[in-house]
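As structure tokens, the structure follows; a few thoughts come after it.
A short reminder: the numbers here are calculations on the coordinates, not readings from a lab. As the structure is a computational prediction, the values presented were derived from the model and not from experiment. Positions of Cβ are generated from backbone atoms using ideal geometry, with glycine treated the same way; all protein chains shown enter the neighbour counts.
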Amino acid sequence: MKSHKQLRSSSRPFLGQIKTRKEYITPGEFPFTLPFLKDGLDLSLNRFVTFFAGENGSGKSTLLEAIAERCGFNPAGGNRNHSYKRVETESGLSSALSLSWQPRPITQGFFLRAESFFNFATYMDDVGPPRGKSFHAQSHGESFLAAFENYFDTDEGIYLLDEPEAALSPARQLAFMRILYDLTTPRRGQFIIATHSPMLLAFPGATVLWFDENGIREIPYQETEHYQIVRRFLENPQSYFRTLFSED
């Protein structure tokens with residue numbers, strides 16, 4: 001990481017509130033049928049690292065993608081300057097969102113989504129990979145970390161990551177947490193991360209927002225299903241096998 005002479009003094013994150021605008025909501029149509037959107041969204045962010053956690057289908061990625069689109073990032077992955085062919089996945093939620101920034105909107109940052117990273121890597125290899133090293137010449141995990149190291153280094157940036165652990169071994173998840181630390185300790189970067197990883201959820205000082213049929217609520221990471229299932233499994237895997245492999 002390069003050195004920075006001026007560090008942000010405020011303890012408040014750049015993006016402090018995410019709300020839905022009633023005039024853009026279409027009741028009964030996706031994504032407004034998702035539990036966290038049924039009564040409108042008014043979400044306050046008070047930390048530089050926020051995790052979206054919950055089961056598949058709870059809307060974590062839908063909200064993250066809409067925030068990315070509202071920030072002007074490529075919805076398939078990248079920043080404002082990355083333009084390439086992609087499959088349309090946008091839900092229409094972006095136009096209904098209102099983002100509140102302080103003291104001013106942030107235009108620097110990156111949107112990373114695990115499911116479309118291959119297409120982003122191909123695009124970058126075609127236009128010229130950073131530092132001349134091809135993404136596709138590296139392993140999946142190495143290319144993920146290369147993206148982090150090359151694009152997560154601005155004076156003030158917001159980084160939106162959808163399941164970054166998909167390509168990261170446990171050891172590389174620890175390396176990624178060091179990148180989080182290096183950017184958030186001097187308050188140069190704000191992260192919103194959708195994840196299933198109990199390791200990432202343990203990042204010190206982060207907010208964990210749990211998405212379920214009741215909407216969104218903040219909980220300690222130890223109370224997430226992800227942490228509890230993995231902990232119980234590691235403590236006694238045989239008890240799970242007896243149930244999973246039972247003929248009844």
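For W210, what is the net charge nearby, where nearby means another residue's Cβ is under 13 Å from its Cβ and Lys, Arg count +1, Asp, Glu -1?
Residues near W210 contribute -4 overall.
Note down the nm distance, to one decimal, between modelled labels 7 Å out along Cα→Cβ at S239 and at L174.
Between S239 and L174, the label points sit 2.7 nm apart.
May I ask you to compute the full-extension gain from S11 to W101, defined as 0.36 nm times their residue separation minus their alpha-carbon distance, rounded to one decimal in nm?
Between S11 and W101, full extension yields 31.1 nm more.
Would you mind putting 49-59, 203-213 in packing order, based on average other-beta-carbon counts within 10 Å, highest first?
Ranked from most to least packed, the peptides come out as 49-59, 203-213.
What distance in nm separates the two pseudo spin-label positions at E247 and Y24, each 7 Å out from Cα along the beta-carbon direction?
Simple spin-label model gives 5.7 nm for this pair.
Could you calculate the contour length gain from D39 to R232, that is, 0.36 nm times the residue separation minus the distance between their Cα atoms, to one decimal place in nm?
66.0 nm
Pick out, in residue order, every one of the GluC sites (Glu not before Pro) in region 136-187 that is DSSP loop and has at most 10 other C-beta atoms within 10 Å; say none if there are none.
Listed in order of number, the matching sites amount to none.
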